[in-house]
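In what follows, a structure is listed as structure tokens, so that the remarks can point back to it.
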Amino acid sequence: MRCERAQEWIVEALEDTLAPRRRRALDTHLAACPSCRQEIETTERLFGALDALPIEAEVPVRLEQATLRAVRIAAAEEAERQAERAPGFRWFRVMVPAFAAAATVAVALVATQRSATSPAPASVATSKPAPPQVAKAAPRKPESEPRVAAAKPAPRERTQLAAVPVDLPVELSERPDLLFALPMLHNLDKVEHFEKIQTTVVDDDMGTPSGDTDSNG
Amino acid sequence: MPAEPADPVPVVESAAASRAAADPDVALMLRVQAGDQAAFQELFRKFSPRILKFARRLVGNDARAEEVTQDVFVQVFRFRDRYRPESRLSTWLFTITTNFCLNELRRPERRLRVDLWDDRGGEDRAEGPSLPDPDAITPEEGASSRELAQQLDAAIAALPPKQRAAILLSRFDGLNYQDVAAALGCTEGAVKALVFRATQSLKQTLKDYL
């Protein structure tokens, strides 16, 4: 064996990764070659010095904080991308406001009809009790009609859903705090046929904790 | 009536579970994949000291090494679902780290500055060479060890990037040649050649100290 080949195998021999046959050949060469014996001793000292070097650094607190902050930002961006990609969520973003607007119109019409036909003020499930005034209607409502205050659902009238619907996109099902029981959404079928509104009583019973039906909203 | 057979446990899931049971690092990474934020912080605290030290030696600059370390962990988070329990977590982490470091070194505007032993108000003391028992050596021997460590760090910094990465990964981070090959994107034979050439260079540079 030549010294160049022996020196190539010295590193593997010290790391105990040299094949047994080659190891025997190397040992035979080392027994007869002082130069290569010195080479293997020098390499051993080098590896000893390398192993004595520290392998860990002290991580500054600011580095940890900056990293965790960057990860939080990445997580938020990821959540946003997933939400934008979800087709169900897109449908939800478009259709729910449309239903809500239609529901508002229906509430306004019911309130108008009730104030016209009954002495008691019309009850709107999602608005606070008010003197007989016409609800603030959707943009196309004629200006001449009287208005009621706060047809838009007041936050405190919202009832949190007891159970999250199962067919929601994952991102919404993980945010149950966004889902409210808007009473008129339960009567959307009535919105389709306006002629029925005059004779249909809006069902305001939303199964509130007290179990009471709040006819005044 | 015979009982309904139970649903078969997916092979992939049971293999991952058994690896998680055998390797706490795998278990930790599986928790990160499941969205456990505390697990990610634990992962950072466990591996960032080694990754930062490795990056400092490979990149040769403290500030850039810290940036690389941050980039590594953000990458780990972004691509956490790509980790497979079949491979060691440290191999995966150091593969990412090596790629970031080598990319950094390829940028022409970055010049390698060997400032590993700049005075930083004591910060280096925590990273200084681990001295032998002071009762067992003389002060001269201690000083000699420190000097050798300094010269060794400087010699490592002077190696070509791939040789530097190969010797650091194989000697410091406990990766076998197969893992080093995976981290560097080359064959085991190429890793052996890189380590051999790095060793020869270091011995030549430090012949007065060894």
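Structure summary
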{"item": "Top-ranked residue in segment A:40-65 [being among the aliphatic types (A, V, I, L, M) and surrounded by fewer than 16 Cβ atoms within 10 Å (Cβ to Cβ); ranked as farthest from B:Q41 (Cα to Cα)]", "result": "A:A52"}
{"item": "First in segment B:162-184 and at the interface with another protein chain (Cβ under 8 Å from one of its Cβ atoms), second anywhere and acidic (D, E), Cβ under 6 Å, 6 or more apart", "result": "B:Y177/B:E188"}
{"item": "Residue list for segment A:52-64, restricted to those being under 27 Å from the mean Cα position of the chain (by Cα) and of a type in the set (A, V, I, L, M)", "result": "A:L63"}
{"item": "Residues being over 26 Å from B:R164 (Cα atoms) and of a type outside the set (A, V, I, L, M) - total across segment B:37-84", "result": "11"}
{"item": "Qualifying residue in segment A:51-61 (condition: at pLDDT 95 or above and closer than 30 Å to A:E174 by Cα)", "result": "no"}
{"item": "Filter result for the condition that a residue is facing chain B (nearest Cβ under 7 Å) and more than 52 Å from the chain's Cα centre (by Cα), over A:T28, A:T42, A:T67", "result": "A:T42"}
{"item": "Residue tally, condition over 18 Å from A:I40 (Cβ atoms), surrounded by fewer than 20 Cβ atoms within 10 Å (Cβ to Cβ) and either in contact (Cβ under 8 Å) with a residue 40 or more places away in the chain or within 11 Å of another protein chain (Cβ to nearest Cβ) (or both), over segment B:186-210", "result": "3"}
{"item": "Some residue of segment B:118-135 being within 16 Å of B:V59 (Cβ to Cβ), modelled with pLDDT under 95 and more than 11 Å from chain A (Cβ to nearest Cβ)", "result": "yes"}
{"item": "Residue in segment B:34-46 that is charged (D, E, K, R) and closer than 27 Å to B:P160 by Cα present", "result": "no"}
{"item": "Unmet requirement for B:R146, which otherwise passes all of (1) modelled with pLDDT of 70 or more; (2) crowded, with 20+ Cβ neighbours inside 10 Å; (3) not hydrophobic (A, V, I, L, M, F, W, C)", "result": "(2)"}
{"item": "Search result, residues across segment B:45-56 that are surrounded by fewer than 23 Cβ atoms within 10 Å (Cβ to Cβ) and facing chain A (nearest Cβ under 9 Å)", "result": "B:R45, B:P49, B:R50"}
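Every residue, every condition in (1) of a type outside the set (D, E, K, R); (2) touching a residue at least 24 places away in the same chain (Cβ under 8 Å); (3) under 25 Å from B:L169 (Cβ atoms), yes or no:
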residue: A:R37; (1), (2), (3): no, no, no
residue: A:T42; (1), (2), (3): yes, no, yes
residue: A:F47; (1), (2), (3): yes, yes, yes
residue: A:L53; (1), (2), (3): yes, no, yes
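This table checks each residue for (1) buried (at least 16 other Cβ atoms within 10 Å of the Cβ); (2) within 11 Å of chain A (Cβ to nearest Cβ).
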{"position": "B:V32", "(1), (2)": "yes, yes"}
{"position": "B:D62", "(1), (2)": "yes, yes"}
{"position": "B:E86", "(1), (2)": "no, no"}
{"position": "B:I96", "(1), (2)": "yes, no"}
{"position": "B:C101", "(1), (2)": "yes, no"}
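The values are calculated or read from the model by the stated rules, or taken from the named source; none is laboratory data. All of these numbers come straight from a predicted model, not from anything done at the bench. Note that we place each Cβ from the backbone using ideal geometry, even for glycine, and neighbour counts take in every protein chain shown.
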